[in-house]
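The values are calculated or read from the model by the stated rules, or taken from the named source; none is laboratory data. Here the structure is a predicted model, which is why all the values come from computation and not from measurement. Cβ coordinates were reconstructed from backbone atoms using ideal geometry, including for glycine residues, and neighbour counts include every protein chain displayed. Ligands, DNA and RNA are excluded from the accessible area calculation, which covers all protein heavy atoms including side chains. Shrake-Rupley method; radii C 1.70, N 1.55, O 1.52, S 1.80 Å.
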Amino acid sequence: MTDILPMSPEQADLREAVRRVAGKYGHKYFVECATSHKEPTELYEELGAAGFLGVHLPEEYGGGGAGLAELCVVIEEVSAAGCPLLMMVIAPAICGSIIAAHGSPELKQAWLPGLANGTKTMSFAITEPDAGSNTHALTTTARRDGDDYVISGTKYWISGPDQADAILVVTRDGDAAPGRDTPMSMFVVPAGSPGLTMHAIEAELIQPEKQFTVFFDQVRVPEGALVGEAGQGFRAVFSGLNPERVTAAAISNGISRYALERATRYARERSVWKTPIGAHQGVAHPLAECHIAVTQARLLTARAAELADAGDRSGEAVNMAKFAAAEASLKTLDQAIQVHGGNGLSREYGLADLWFLARMLRTAPTSREMVLNFVAQHTLGLPASY
Ligand SMILES: Cc1cc2nc3c(=O)[nH]c(=O)nc-3n(C[C@H](O)[C@H](O)[C@H](O)COP(=O)(O)OP(=O)(O)OC[C@H]3O[C@@H](n4cnc5c(N)ncnc54)[C@H](O)[C@@H]3O)c2cc1C
């Protein structure tokens, strides 16, 4: 199949190199890690050692000095090989980008080389049980105490903190009341800090990263753990939003490509009448529609990443890419399952196990409705209800 995505020769080479590494592992490896609670360390560290995970991070801290466009190539290819690892979005894309943009030289030196080469991971904790999509209502606080900060509160649905070396946590300052103008700050909290505990959430997703409720009970961190300026945490959060959304779109696009490849192969090979099932237009046309939807989503994602790299106002494109990619992947995965008949639901064919992961990407990292709110308000100029 020809790829009509615009690509520089370097991006084409990168795509091929990532495909070679991820292809050695494949979906069986991903499911095996997910179901045996094993971290996908071999794959993750091989991607890191090859320079793929840190391709967008600054060269002076072990990165590749490229941009989100290249990171999207990496994440889409790994996902298309059947390994849609959320940690690629969380550690290098969100945490790495925030620390690169706002961290002190000491924080950058401590974390970026490890995030880039895959030997370190970091979770990102912003969601709370009672705040949800409304981040202005966060209640986790950081209070100044001498040279330290003391963090207290609860974060919810946090991916991978059990395997991470640290958690990047968003807090409200001291005694400030929740609200739109509440000063926020962000801290790197090392794993094992006294007062930091977590409790697994039972989720239906089949993926190596598990989700947790994370409790901060008077967790003490030094001033050096602060990312950016105290009270300016929202600015820092914003520099993680584009990377988060556009790389979440790349995961969805990779899942779409993986599902479409399996579906078309099966449709060519399976015959129950006198022709392969793919000859029936009832099978072929929905797959052709999926290909069009996936191509639209990939083009939008590539353009959104390009705009984000150029520093242009990219919020609209990044949100639309995340929406289009999540919807296209659900449509494509559903159709791939349908094309496989009963086999679509078996473990052996490796499709149904991805359903809840693809479905989650409609809700997280930002929900379908919050994207529609953004477009309605910022693009179309409609009033907000909240
Ligand atoms: C598997 C998984 C992994 C996750 N990993 C992380 C992580 O690593 N770190 C982290 O911080 N968070 C993580 N999350 C949390 C995720 O970002 C949130 O679930 C998501 O942002 C939605 O917030 P909520 O669940 O509180 O839903 P709510 O905010 O309670 O929303 C519930 C519903 O109401 C809708 N809604 C809310 N407000 C509006 C409005 N103004 N207009 C229209 N509709 C509205 C929402 O779209 C949604 O459909 C994860 C979630 C999941 C499921």
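Of the GluC sites (Glu not before Pro) found in the stretch 188-256, those that fall in a DSSP loop while having at most 10 other beta-carbon atoms within 10 Å are Glu202, Glu204.
Evaluate the relative contact order of the stretch 186-298 (contact order divided by residue number), counting alpha-carbon pairs under 8 angstrom at least 6 apart; express in whole percent.
After rounding, I find 19 percent.
In this label model, Thr275 and Ile201 are separated by 4.7 nm, measuring between points 7 Å along each Cα→Cβ vector. The accessible area of His285, taken with all protein chains in place and a 1.4 Å probe, comes to roughly 100 Å².
Of Lys38/Lys120; Lys28/Lys210; Lys120/Lys210; Lys28/Lys108, which ones are farther than 24 Å apart at the Cα? Present the calculation step by step, with values, prior to reporting the outcome.
Working: Lys38/Lys120 16 Å; Lys28/Lys210 18 Å; Lys120/Lys210 17 Å; Lys28/Lys108 35 Å.
Correct reply: Lys28/Lys108.
In a simple Cβ point-charge model (Lys, Arg +1; Asp, Glu -1; nothing else charged), the stretch 235-386 has a dipole of about 260 debye relative to its Cα centre. The alpha-carbon of Lys322 sits under 16 angstrom from the alpha-carbons of these lysines, leaving out residues fewer than 8 places away in its chain: Lys331.
Between the Cα long axis of helix 105-117 and the first principal axis of the chain there is an angle of about 20°, rounded to the nearest 10. Over the stretch 109-190, accessible surface divided per residue gives 38 Å², non-protein components excluded, 1.4 Å probe.
Residues in the stretch 178-195 carry Karplus couplings, in order, of x, x, 4, 9, 4, x, 10, 9, 10, 10, 9, 9, x, 4, x, 4, x, x Hz; the curve used is 6.51 cos²θ - 1.76 cosθ + 1.60 with θ = phi - 60°, and Gly or Pro positions show x. Under 5 Å between amide hydrogens, built in the peptide plane, is the criterion, and for Tyr149 it picks out Val221, Glu223 among residues at least 5 positions away or on other chains. The helix-only estimate of mean residue ellipticity at 222 nm for the chain, built from DSSP H runs of length n ≥ 4 each weighted as -39500 (n - 2.57), is -15000 deg cm²/dmol after division by the residue total. Taking amide H positions as modeled 1.01 Å from N, with prolines and chain starts lacking one, the residues under 5 Å from Val55 and 5 or more places away or on another chain are Gly64.
As a length-normalised measure over Cα pairs under 8 Å and 6 or more apart, the relative contact order of the chain settles at 16 percent.
Extension gain, Glu369 to Asn134: 0.36 nm times the residue separation minus the Cα-Cα distance gives 83.4 nm.
Taken over the stretch 247-386, the alpha-carbon convex hull comes to 114 cubic angstrom per residue.
Rg/Rh for the chain to two decimals, with Rh computed the Kirkwood way over all alpha-carbon pairs.
On the way: Rg = 20.9 Å, Rh = 21.3 Å.
For the chain, the value is 0.98.
In the stretch 256-287, what chymotrypsin sites (Phe, Trp or Tyr not before Pro) fall in a loop by DSSP, with at most 15 other Cβ atoms inside 10 Å? Hits after loop and neighbour filter: Trp273. The angle separating the long axis of helix 9-23 from the principal Cα axis of greatest extent in the chain is about 80 degrees. With N the number of residues in the stretch 237-313, Rg(Cα) / (2.2 N^0.38 Å) evaluates to 1.50. log₁₀ I(q)/I(0) of the stretch 211-259 at q = 0.19 Å⁻¹, via Debye over equal Cα point scatterers, no solvent, to two decimals? Once normalised to I(0) and log-transformed, intensities are -0.86. Angle check, please: helix 26-35 long axis (alpha carbons) against the longest principal axis of the chain (alpha carbons), in degrees 0 to 90, nearest 10. Rounded to the nearest ten degrees, it is 50. Surface composition of the stretch 124-176: carbon plus sulfur atoms contribute 41% of the solvent-accessible area (1.4 Å probe, protein chains only, all chains present).
With all pairs of different C-alpha atoms in the average, the Kirkwood value for the hydrodynamic radius of the stretch 12-102 is 13.2 Å. Partners of Lys155 within straight-line reach, counting aspartates and glutamates whose Cα lies under 15 Å from its Cα and excluding those fewer than 8 residues away in the same chain: Glu128, Asp130, Asp217. Computed 3J(HN,Hα) for the stretch 135-147, one whole-Hz value per residue from the Karplus formula 6.51 cos²θ - 1.76 cosθ + 1.60 where θ = phi - 60°, is 5, 5, 9, 4, 10, 5, 10, 10, 10, 6, 9, x, 8, glycine and proline marked x.
Note on Ala384/Asp145: beta-carbon distance plugged into 1/(1 + (r/R0)^6) with R0 of 56 Å gives a FRET efficiency of 0.90. At the residue level, His340 shows approximately 10 square angstrom of accessible surface with a 1.4 angstrom probe and all protein chains present. Comparing mean-square fluctuations of Gly146, Gly64, Gly23 from a GNM of the chain with C-alpha springs under 10 Å, the top value falls on Gly146.
With 0.36 nm allotted per residue and the present C-alpha distance subtracted, the Thr2-Glu106 stretch has 32.9 nm of extension available. Seen from Asp173, the other residues with C-beta closer than 12 Å to its C-beta sum to a net charge of 0, counting Lys and Arg as +1 and Asp and Glu as -1. Of all segments of the chain bounded by trypsin sites (Lys or Arg not before Pro) found in a DSSP loop with no more than 16 other C-beta atoms within 10 Å, the longest spans 39-179.
Of all accessible surface on the stretch 247-353 at a 1.4 Å probe, what whole percent is carbon and sulfur?
Working: 2550 of 4940 Å².
Here it works out to 52 percent.
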